[in-house]
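To start, the structure under review is shown below, and the notes come after it.
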Amino acid sequence: MKTIKKWGYAGMLSVLVMTMNGCGEDFLTRTPQGTFSPDAVTDARGIETLLTGAYGLLDGIPASGSTWHGAVSNWVFGGLTSDDAYKGTDAGDQPEQTALERYVWVVTNEHVRGKWRTLYNGVSRTNDVLDNLAQVQNLDTARRRVITAEARFLRGFYHFEAKKMWNNIPYIDEQDYNKEVPDSAKVPNTENAWPRIEADFQFAMQNLPDQFPGEPGRATRWAAMGMLAKCYMHQAFDPYTGAPNSAKLQQAQTLLNQVIASGRFALMPNFGDNFSAAPANRNNRESLFEVQYSVTSSAGGGGGLGDELAWPYNTGPGGCCGFYQPSQNLVNAYKTDANGLPLPATFNNTDVTSDQGITSDQPFTPYAGTLDPRLDHTVGRRGIPFKDWGVHPGRAWIRDQAYAGPYSPIKHIPERQFFGVNPGNNRLHSNNYRYLRYDHILLWAAEVEVEIGSLAKARDYVNQIRRRAANPDGFVKTAAGQPAANYVIKEYPATSTAFATKEAARQAVRFENRLEFAMEGHRFFELVRWGIAEPTLNAYLTTERTKRTYLTGATFVKNRNEFFPIPFEEILNSNLNGRPTLTQNQGYQ
Amino acid sequence: MAIRMQPIVPVYDVAGNYAGTLGSNLGNAKNPVALLERAGQNGYRDLRALGNVYAEADILKDFTLRSSFGLDGTIAYGTYYGIPEPEASEPVRTYSVRKDGQYRYSWTWTNTLSYKKTLASVHNVNAFVGLESISAFGEFIEGFRDRYYSGDPSLLYLDIGDQATQTNRNYAFNDYRLFSYFGQANYSYRDKYLFQATLRRDASSRFLAAQRYATFPAVSAGWRITGEPFMKGISTISDLKLRAGWGQTGNQEIGDYNAYTTYAADFDRGGYSLNGNPNAYNTGFAIQRFGNPNARWETTTSINVGLDAGLFNNALEVNLDVYERKTTGLLYTRPRPATVGQGDLPAENVAAIRNRGVDLQVSYRGKALDNNIRYTVTGNFSTYRNEVLELNPASPNEPLLGLGSRLPAVTRSVVGQPISLFCGYIIDGIFQTAEEAAAAPQFPGYNDAEVVINGQRVKGVGKFKYRDINNDGQITADDQAFIGNPHPKFNYGLNVSVGYKNFDLTVFGQGVVGNDVFNYVRYWTDFNTFQGNRTKDVLYNSWTPENPGAKLPILDENDAISSRASSYFIEKGSYFRMRNIQLTYSLPKGFGSRLGLNGGSIYVQTTNAFTITNYSGLDPEITLRNSSATGEDRQLGVDEGRYPTPRQFLVGLNLAF
């Protein structure tokens, strides 16, 4: 016993000593396991990976939270808030979208906040790239310059999207931003951000290459030029009065002419090529900047996740969830006259007939009048082939026809052969969102010519667009190979009154813009850009509420609804020294 | 799901299959019976080993050296199936299998040197000093495949799922170290004067080196008054003791890697197809979490005074405690502006709060009916008052926001008020006429929006009358006020035991008085949110010209405002709950002794027998969203519709051999 005790005594003394020594800093330091430390991003490979992460938010899919808030396609903020589309589905689903559709824009709308968070997450990632780039050794000067230009392009892009939404936004650069200091990102939104966004695209334009072989996802010099032109176009008219700004129009003209003269871009032969997931149509020669959607069978993110609600319902493609249904007003806009020209003044006086009120097993004959063939690439409707998914059966693909009408969205839906890659969410897809196309360039050039140039040139640009649309190879066809509807579309003749005056030409160009880009999330922002949102949308609501009763009482309020409210909680979270750094937009105080 | 599911959906359809929401206008709830059945095959097994060894040595007279080492290790393995839900409106369509495994362990190594001595048989001294190290680690791994050929259980192994759909994950979920020095000294004189002093110095791997250590002292004293000679003659007081104490304790429950900023490289966060490949992506970094290198121990300083009394030969016992606890450097996850980027946010030392309270317990033990009946009655009462003393000193007007979900954060904390008060609009009834609505402060898009009543278009009628708190003639976000307090006025409990011969009956009930609950479930059941089941109030108690005194506003499919956080959601949360009733029969002495039986009992028991409350939700005892996370106080009293406390009936048999 005694020996045991002695042994124990000695043993335990050594134990105590070991404990004392063992509990130094080594024992008490546990660095994170299974994640990357900030050191990982400060070498040449790390900074490239960080830059990829900055591209990663282009699709608007954040790391967590409700994905459709941030979708780059802007189907919520640019689509259902405009005369293009309704929220769709049924009355109860996503009530906050109904509030947006009805211009009841409360400062606590979670969709609006989700968009803000996504875009500023993008801004923070680009600033993180620029911040860390300074510390990277072993990187050649040329690549360093291009990384800077790519990051600045992306920073300009995210800020631009925010500028479009809220107008009064904080512009945050890498001088402000320090990820370790939360207060560093509390920047006021009182300064006009346009000059700084333009400076980002200017730098990008001057330093990016013409192309990145094998990497069509990266932003090029031409993408930057197009974005800079887009910035100018967004300043070309006063959003409240519509008064043109000739200085901005001239700046835009220079760039647009440069893009056109380069000969690098051309319209694809068929209008529908821009809405196809086929490899030959992705990153095609019409694209200046395309947001890459990719989908794997195992990963659950990316690839159009932001549009996952905006698919036909039930037995239709994707089978869920029936949102984002085209409006009757939009369908009517595709009517053409006997000369194959649009009817901007009278299109909405009579409706293109539809299967409203008719079930799928009752007989229905589609509208026989003359139509612009782009309609059936833009709107899914009964009796017309829906890409390669078969003929749209009408009500069977609609969640609640009485509520939101008989039409389905189609542009962003991939062909069936590219569908269903991911079993967990079969609506993920690889049908890229073509953010900036050559047809945008041509129609902006037409706008500029109307305001400060030649009406004949404007007509020529519009006719290039219409010539492509009129290519019969591109018409939606029946199984028998016949045009699916009575498509009649022609170019504007030299004698056309539509280009006889500035006012008429302006209307013609803007109408063409709608026909070309409907259901792509641009419409609301275009109406605001032209300064005609209030009259256009209130006129739309007046007729549309006779068809969609839930629009009763909805009004676009001038000097308020041009821009979205700054999210309430973000104003609260912007407190610095007891005062919020962000100021609420007018009309929402 | 059972709450959200519309009642017109049956459990089974005419063919005997599960019925669901596939038809139009039925929402997206899932058949709860089907969910239960389909989840029935999911399973989880774990194997746990617990052990402790120690060595003890009496080294010098009165000194004992002790070293003990304890290990707690678990390995676990789980299997989860995805099963098609053809009846659901937003269904799972394929069979899938998820398998996961984890191992975790912690060890604790404690070394103490203790001293014990009694001097002159009246001075009792004992003391110890020690060292303790704790180390814990846990790791998780998971594999998944989809598109199984069928649901045949013999096929549901990972190897034969569709290889293209496989995913896997592996991460560390538990990784910390603690180290402490500590010492304690106790002295008592004739068991009459009692003193204790403790000092500990703790270090945690969750803080960086500069803030890692903190020292927590404590002292307490007790005076057994009945030990004094002057109490000798007072026979009614059998025991009387006065206690007082002051001490500090620390909190480091902030997650293991709180100090560090980290990046992730998964597709969801940062991947992008730079090369244009439609079915692959380039890896990108994205911030996973923001670190806070400056976090330090949260410290709570307590002062308490207590009294323990036994009267009438200890038949009546009274315990009274009065305390104040002040917490400084409260560890809390403060929201950050979105402009800093997205990532998990760290705990920061943001606030000081104070709790003051009183706990009282009174217990009486007695016998009646010629000692045939024995009984004990115990009642307890406790109350506290909470106050936020300090928030970010640089930004004192900045409230701490609670968690946001479908509704933006409904709780807020400001200096001078209790933590986590409910915040929202105040409703002063419902507009009865268009004139009344027009004259009231305008809420753009709400009481200026048209509704149709009896074929007439009118504005604002039947809508909630929101109060214009700041009197600016408009209802805006600034008109949100504190509308409820989740802290109760007091809690109480009552425990009664009655025994007769071999029978014992125990009844235990407990209650809360004076707290408010934010009944968030009503967001789903009372308003035009997602489709699903609704309360009867929506049908019978929504405003119509015939029902001007209704509780809910006019039914209007365009109404996205009425469901905003407001006083509508606030309810009184007081309740009394019968927690436990147990009747026990003890086997008579000697029963079954030939079988080696040495006593035993049979009992019947019911838990949660009934609850008395005016609260309309499922369960007034609100369980929190994630009670292990820091900052959980932010959701105090917000009823998000968790699973209610079940009622249980138990019959039991205890045998001792």
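The values are calculated or read from the model by the stated rules, or taken from the named source; none is laboratory data. Just so it is clear, the model here is predicted, and its values are computed rather than measured. In this analysis, Cβ positions are derived from the backbone assuming ideal geometry, glycine residues included, and neighbour counts consider all displayed protein chains.
Numbers for the structure displayed
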| item | result |
| --- | --- |
| B:D239 being touching a residue at least 60 places away in the same chain (Cβ under 8 Å), touching a strand residue (DSSP E or B) at 6+ places or on another chain (Cβ under 8 Å), acidic (D, E) and surrounded by 18 or more Cβ atoms within 10 Å (Cβ to Cβ) | no |
| Lone qualifier among B:E253, B:E228, B:E298 - being in contact (Cβ under 8 Å) with a residue 60 or more places away in the chain and acidic (D, E) | B:E253 |
| Number of the condition not met by A:G156 [criteria: (1) away from chain B (no Cβ under 13 Å); (2) crowded, with 24+ Cβ neighbours inside 10 Å; (3) part of a loop (DSSP other than H, G, I, E, B)] | (3) |
| Residue in segment B:354-371 that is within 30 Å of B:A394 (Cβ to Cβ), within 14 Å of another protein chain (Cβ to nearest Cβ) and either in contact (Cβ under 8 Å) with a residue 24 or more places away in the chain or surrounded by fewer than 19 Cβ atoms within 10 Å (Cβ to Cβ) (or both) present | no |
| Residue count for segment B:335-368, restricted to those that are within 30 Å of B:D239 (Cβ to Cβ) and not basic (K, R) | 11 |
| B:D308 over 37 Å from the mean Cα position of the chain (by Cα), assigned to a strand (DSSP E or B), among the charged types (D, E, K, R) and more than 13 Å from chain A (Cβ to nearest Cβ) | no |
| Members of segment B:267-290 found to be in contact (Cβ under 8 Å) with a residue 12 or more places away in the chain, surrounded by fewer than 22 Cβ atoms within 10 Å (Cβ to Cβ) and in a loop (DSSP other than H, G, I, E, B), listed by number | B:T283, B:F290 |
| Of all residues making up segment B:303-322, the number that are more than 28 Å from B:K232 (Cβ to Cβ) and surrounded by 17 or more Cβ atoms within 10 Å (Cβ to Cβ) | 1 |
| First in segment A:129-149 and under 15 Å from A:G53 (Cβ atoms), second anywhere and among the charged types (D, E, K, R) and surrounded by 14 or more Cβ atoms within 10 Å (Cβ to Cβ), Cβ under 6 Å, 6 or more apart | A:L130/A:E174; A:D131/A:E174 |
| Those residues of segment A:209-252 which are in contact with a helix residue (DSSP H, G or I) (Cβ under 6 Å, 6 or more places away or on another chain) and within 14 Å of chain B (Cβ to nearest Cβ), in sequence order | A:A219 |
| Within segment B:498-529, tally of residues that are surrounded by 17 or more Cβ atoms within 10 Å (Cβ to Cβ) and farther than 24 Å from B:F610 by Cβ | 8 |
| Subset of segment A:262-278 (residues that are closer than 22 Å to A:R427 by Cβ, of a type in the set (A, V, I, L, M, F, W, C) and in a loop (DSSP other than H, G, I, E, B)) | A:A277, A:A278 |
| Test: A:A149 is more than 9 Å from chain B (Cβ to nearest Cβ), surrounded by fewer than 24 Cβ atoms within 10 Å (Cβ to Cβ), of a type in the set (A, V, I, L, M, F, W, C) and touching a Phe, Trp or Tyr at 6+ places or on another chain (Cβ under 9 Å) | yes |
| Residues satisfying the stated conditions in segment B:203-236, i.e. surrounded by 14 or more Cβ atoms within 10 Å (Cβ to Cβ) and among the small types (G, A, S) | B:A203, B:S204, B:S205, B:A214, B:A218, B:S220, B:A221, B:G222, B:G227 |
| Residues within segment A:373-397 that are in contact with a Leu (Cβ under 9 Å, 6 or more places away or on another chain) and without any contact (Cβ under 8 Å) to a residue 60 or more places away in the chain, tallied | 1 |
| Selection within segment B:263-281 - farther than 30 Å from B:A351 by Cα, at the interface with chain A (Cβ under 7 Å from one of its Cβ atoms) and under 41 Å from the mean Cα position of the chain (by Cα) | B:A264, B:A265, B:F267, B:D268, B:R269, B:G270, B:G271, B:Y272, B:Y281 |
| Residue within segment B:508-528 that is without any contact (Cβ under 8 Å) to a residue 24 or more places away in the chain and more than 24 Å from B:F443 (Cβ to Cβ) present | no |
| Single residue of segment B:535-575 satisfying the filter (charged (D, E, K, R) and surrounded by fewer than 19 Cβ atoms within 10 Å (Cβ to Cβ)) that is farthest from the other protein chains (Cβ to nearest Cβ) | B:K572 |
| Odd one out for B:E253, checked against (1) assigned to a strand (DSSP E or B); (2) more than 7 Å from chain A (Cβ to nearest Cβ) | (1) |
| Matching residues in segment A:282-303 - criterion: being more than 8 Å from every other protein chain (Cβ to nearest Cβ) and touching a strand residue (DSSP E or B) at 6+ places or on another chain (Cβ under 8 Å) | A:E286, A:S287, A:L288, A:F289, A:E290, A:V291 |
| Selection count where residues are more than 10 Å from every other protein chain (Cβ to nearest Cβ), polar (S, T, N, Q) and touching a strand residue (DSSP E or B) at 6+ places or on another chain (Cβ under 8 Å), scope segment B:154-198 | 6 |
| Residue identified as among the hydroxyl-bearing types (S, T, Y), exposed (fewer than 14 other Cβ atoms within 10 Å of the Cβ) and in a strand (DSSP E or B) among B:Y54, B:Y103 | B:Y54 |
| All strands (runs of 3 or more DSSP E) inside segment B:393-445 with 3 or more residues being more than 13 Å from every other protein chain (Cβ to nearest Cβ) and at pLDDT 85 or above | B:427-430 |
| Those residues of segment B:58-72 which are at pLDDT below 90 and either assigned to a strand (DSSP E or B) or over 23 Å from B:F128 (Cβ atoms) (or both), in sequence order | B:D58 |
| Segment B:245-272, residues that are closer than 30 Å to A:L58 by Cα and among the acidic types (D, E) | B:D266, B:D268 |
| Qualifying position, being within 12 Å of chain A (Cβ to nearest Cβ), under 28 Å from A:T29 (Cα atoms), in contact (Cβ under 8 Å) with a residue 24 or more places away in the chain and among the hydrophobic types (A, V, I, L, M, F, W, C), among B:F207, B:F216 | B:F207 |
| Which numbered condition A:K87 misses (of (1) more than 10 Å from chain B (Cβ to nearest Cβ); (2) part of a loop (DSSP other than H, G, I, E, B); (3) touching a Ser or Thr at 6+ places or on another chain (Cβ under 6 Å)) | (2) |
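Results for (1) farther than 21 Å from A:V331 by Cα; (2) more than 9 Å from chain B (Cβ to nearest Cβ), shown as yes or no for each residue.
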residue: A:V476; (1), (2): no, yes
residue: A:A480; (1), (2): yes, yes
residue: A:A500; (1), (2): yes, yes
residue: A:A504; (1), (2): yes, yes
residue: A:R529; (1), (2): yes, yes
residue: A:Y540; (1), (2): no, yes
residue: A:T549; (1), (2): no, no
residue: A:I566; (1), (2): yes, yes
residue: A:N573; (1), (2): yes, no
